[in-house]
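The values are calculated or read from the model by the stated rules, or taken from the named source; none is laboratory data. Treat the numbers as computed from the prediction; the structure is a model and nothing was measured. Because the Cβ atoms are built from the backbone with ideal geometry, glycine has one as well, and the counts that use them run over all protein chains shown.
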Amino acid sequence: MYKIFFLVGSGGFMGSVSRYYSHQIISRYFPAIFPFGTLGVNLVGCFLIGIIYGLAEKGTSISPDMRIFLTAGFCGGFTTFSAFSLDSLKLINSGDWIYFTLYITASVVIGILATFGGAYVSKLF
């Protein structure tokens, strides 16, 4: 169990640092009101987790430990949106269209409402 914590934690550390640095670079070259830095990081994270998932599903030489390090660790630290996208892909691949639709709708709509709710509650203190 400690090995898994170390793999996820060290991957998450590297992913978080990479997210911060990448976001800074993108925002420096594309300064705008639109959040290009966050969008860029999210899209790169989705692409990376897709590659890792695809290679692991093909049975290539990605060990279970490396898969956890890269997906839950690095990509999870780089962007949680990549984990959301992977969960969505798995639901699509399994043909669970109702759960797919519910998951996306709930994640986006309720997620945004929760963010607004949290911001509102924080103003009460």
| field | Counted residues, the stretch 47-62 - those being touching a residue at least 24 places away in the same chain (Cβ under 8 Å) and either closer than 16 Å to Asn93 by Cα or over 13 Å from the mean Cα position of the chain (by Cα) (or both) | value | 3
| query | From the residues in the stretch 110-125 that are of a type in the set (A, V, I, L, M) and either outside any helix (DSSP H, G or I) or within 17 Å of the chain's Cα centre (by Cα) (or both), which one is surrounded by the fewest Cβ atoms within 10 Å (Cβ to Cβ)? | reply | Leu124
| task | Please work out which residue is modelled with the lowest pLDDT, limiting yourself to the stretch 43-98 and to residues that are over 27 Å from Tyr2 (Cβ atoms) and of a type in the set (Lys, Arg). | result | Lys58
| note | Restricting the stretch 1-20 to residues that are part of a helix (DSSP H, G or I) and aliphatic (A, V, I, L, M), the one nearest to Lys90 (Cα to Cα) turns out to be Val8
| query | Are any residues in the stretch 1-57 closer than 16 Å to Phe84 by Cα, touching a helix residue (DSSP H, G or I) at 6+ places or on another chain (Cβ under 6 Å) and of a type in the set (S, T, N, Q), and if so, which ones? | reply | Asn42
| request: Pick out the one residue from Ser85, Ser107, Ser94 that is in contact with a Cys (Cβ under 6 Å, 6 or more places away or on another chain) and under 28 Å from Gly54 (Cα atoms). | output: Ser85
| task | Keeping to the stretch 67-82, report how many residues are crowded, with 17+ Cβ neighbours inside 10 Å and free of Cβ contacts under 8 Å to residues at least 60 places away in the same chain. | result | 4
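Let's see how each residue does on (1) surrounded by 16 or more Cβ atoms within 10 Å (Cβ to Cβ); (2) assigned to a helix (DSSP H, G or I); (3) hydrophobic (A, V, I, L, M, F, W, C):
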site	(1), (2), (3)
Ser22	yes, yes, no
Phe34	no, no, yes
Cys46	yes, yes, yes
Ile49	yes, yes, yes
| message | Considering only the stretch 55-77, I want to know if a residue exists there that is over 20 Å from Val8 (Cβ atoms), in a helix (DSSP H, G or I) and not β-branched (Val, Ile, Thr). | response | yes
| Any chance Thr105 is out of contact with any Pro (no Cβ under 9 Å at 6 or more places or on another chain), at pLDDT 90 or above and of a type in the set (S, T, N, Q) | yes
